[in-house]
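Chemist: My questions all concern the structure below.
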Amino acid sequence: MFSLKKVLLLSASAGAGHIRAAQAIEKALNEAGAAREVRHVDTLEFTNKLFRHLYSKAYIELVNKMPEVPGYFYDKLDRPWKNERRRLALDKLNTRPFVKLLHEYRPDLIVCTHFLPAEIVSWLKAKERIASRQAIVVTDFDVHAMWLCHHYEQYFVAIDEARAYLEALGISKDKITVSGIPIDPVFALHKDKKEMRLKHGLEPDRTTILLSAGGAGVGSMDNLVTSLFPIHHPVQVVAICGRNADLKKRLTKLATRISPNASVKVKPVGYTQEMDELMTASDLVLGKPGGLTTSEALAKGLVFVIVNPIPGQEERNSDHLLEAAAAIRCNNLPTLAYKLDRLLADPVRFATMQANVNGMAQPNAARDIVQKLLELSSS
């Protein structure tokens, strides 16, 4: 017999991370046979067109063209329990179809991996218009003020510092679980590094760097790849281009121009569902430290090379990685090869960083969240 009846997972397509976190929990719920019915909904699909555009496409455009703008608002709005009435009024105005969905579906448990649905659910619970329990899963290492709600049953956070922060804001420690950020349970499976390298056409004994532009293939990957050319240590770069066919075409052309005797080899890869295998094959990950990408990389033991983090949440994720000595950061691309050479020339330092990465990793976060949800359902 299922412990849970109807579970509604609520994400938002403002970047891919919130959706991937919900999908990870959905997979863990189904693997455990924990619920009779599990449904995953992109909350933005139940809002009006303008609101949806501002939350998703406009945000991505700003991140790529003017990252300082979302960074400014991230810091400006990070004031616990401030501006929540105005924000809620705006959200209520634009999410009426979503509220209708909640009334019609009537789940006994709601799990939110984005703050927008969490806020609406909290308001409906306060008005006693729904009786569903709510769990809130924070998908970055810090807890921004927009994640804060008054009516919920459990918070799931990435690290102990986030728990301490919530407690300092008056949230009961009994309602906080340090679970890590939920990632696909496949990342918890052990796979052999050399086998994965051979499977994906990589040299088995060459230092491997994973370079990811995300599922949409956005970002200045061309510049990142060419910045690696001066490196002295032999490396191979797995360049994940996502669905950006033009980017893959450019990098494939670039790879053919590299001398066979060069220290750098480049393997462009399009959209893939084998990221766990490509991370297993790698030693380092180079790019932006989004919450989900970072958690996946930690689960696979990868040292992070941070480049151009988005001001706001990625800057704060960077702080935690650097504080734990699990990452290096490059602020100027012309020095990227130099910084990597320094790291690779010091095997003791690199091994220490790998150990620190393993200390931060929580590959079973999705399963741990499901286990806690089952405990809550029986209480």
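Chemist: When region 96-105 is examined, which residues are found to be exposed (fewer than 12 other Cβ atoms within 10 Å of the Cβ) and of a type in the set (Lys, Arg)?
Modeler: Selection gives 100 alone.
Chemist: Of 375, 315, which residue is modelled with pLDDT under 95 and either outside any helix (DSSP H, G or I) or exposed (fewer than 15 other Cβ atoms within 10 Å of the Cβ) (or both)? Don't jump to the end; show me each part of the working.
Modeler: Details: 315 fails: either outside any helix (DSSP H, G or I) or exposed (fewer than 15 other Cβ atoms within 10 Å of the Cβ) (or both).
None of the others qualify; the one that does is 375.
Chemist: May I pose another question? If a residue has to be in a helix (DSSP H, G or I) and farther than 13 Å from residue 326 by Cα to count, how many in region 285-300 make the cut?
Modeler: Kept after step one, since they are in a helix (DSSP H, G or I), are these residues of region 285-300: 291-299.
Filter once more, keeping what is farther than 13 Å from residue 326 by Cα: 291-293, 296.
Residues meeting the conditions: 4.
Chemist: Of 234, 230, which residue is surrounded by fewer than 20 Cβ atoms within 10 Å (Cβ to Cβ), over 23 Å from the mean Cα position of the chain (by Cα) and free of Cβ contacts under 8 Å to residues at least 40 places away in the same chain? Reasoning before the result, please.
Modeler: On the way: 230 fails: free of Cβ contacts under 8 Å to residues at least 40 places away in the same chain.
Just a single option satisfies the conditions, and that option is 234.
Chemist: Can you tell me which residue within region 341-369, out of those that are within 19 Å of the chain's Cα centre (by Cα) and charged (D, E, K, R), is surrounded by the fewest Cβ atoms within 10 Å (Cβ to Cβ)?
Modeler: 368
Chemist: From (1) assigned to a helix (DSSP H, G or I); (2) farther than 19 Å from residue 181 by Cβ, pick out the condition that doesn't hold for residue 266.
Modeler: With respect to (1) assigned to a helix (DSSP H, G or I); (2) farther than 19 Å from residue 181 by Cβ, residue 266 is out only on (1).
Chemist: Go through 198, 189 for me and flag whichever is surrounded by fewer than 17 Cβ atoms within 10 Å (Cβ to Cβ), among the aliphatic types (A, V, I, L, M) and without any contact (Cβ under 8 Å) to a residue 12 or more places away in the chain.
Modeler: Numbers: 189 fails: without any contact (Cβ under 8 Å) to a residue 12 or more places away in the chain.
That would be 198, the only listed residue that is surrounded by fewer than 17 Cβ atoms within 10 Å (Cβ to Cβ), among the aliphatic types (A, V, I, L, M) and without any contact (Cβ under 8 Å) to a residue 12 or more places away in the chain.
Chemist: Related question: If you check residue 88 against the conditions, is it among the aliphatic types (A, V, I, L, M), at pLDDT below 90 and part of a helix (DSSP H, G or I)?
Modeler: Numbers: among the aliphatic types (A, V, I, L, M): yes; at pLDDT below 90: yes; part of a helix (DSSP H, G or I): yes.
Spelling it out, residue 88 is indeed among the aliphatic types (A, V, I, L, M), at pLDDT below 90 and part of a helix (DSSP H, G or I).
Chemist: Outside any loop (DSSP other than H, G, I, E, B) and at pLDDT below 90: which single residue out of 10, 50 fits that description? It would help to see each step written out before you state the result.
Modeler: Values: 10 fails: at pLDDT below 90.
Exactly one of 10, 50 is outside any loop (DSSP other than H, G, I, E, B) and at pLDDT below 90, namely 50.
Chemist: Could you check residue 5 against (1) of a type in the set (Lys, Arg); (2) in a strand (DSSP E or B); (3) at pLDDT below 80 and say which number it fails?
Modeler: (3)
Yes or no, residue by residue, for (1) within 21 Å of the chain's Cα centre (by Cα); (2) among the polar types (S, T, N, Q); (3) not in a loop (DSSP other than H, G, I, E, B):
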position	(1), (2), (3)
120	no, no, yes
131	no, no, no
171	no, no, no
191	no, no, no
196	no, no, yes
210	yes, no, yes
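Chemist: Given the conditions (1) modelled with pLDDT under 95; (2) touching a helix residue (DSSP H, G or I) at 6+ places or on another chain (Cβ under 7 Å), report the number of the one that residue 260 does not fulfil.
Modeler: Result: residue 260 fails condition (2) only.
Chemist: Residue check, residue 288 against (1) among the basic types (Lys, Arg); (2) modelled with pLDDT under 95; (3) surrounded by fewer than 19 Cβ atoms within 10 Å (Cβ to Cβ), all met but one. Which one?
Modeler: (3)
Chemist: Moving to a separate point now. Go over the candidates 212, 179 one by one and state the one that is touching a residue at least 60 places away in the same chain (Cβ under 8 Å), among the hydroxyl-bearing types (Ser, Thr, Tyr) and not assigned by TED's automatic domain parsing to the domain that holds residue 12. Before you say what the answer is, go through the steps one by one.
Modeler: Numbers: 179 fails: not assigned by TED's automatic domain parsing to the domain that holds residue 12.
After ruling out the rest, the residue left standing is 212.
The values are calculated or read from the model by the stated rules, or taken from the named source; none is laboratory data. Since we're looking at a predicted model, the values are computed, not measured. Cβ atoms come from the backbone with ideal geometry, glycine included; neighbour counts cover every protein chain shown.
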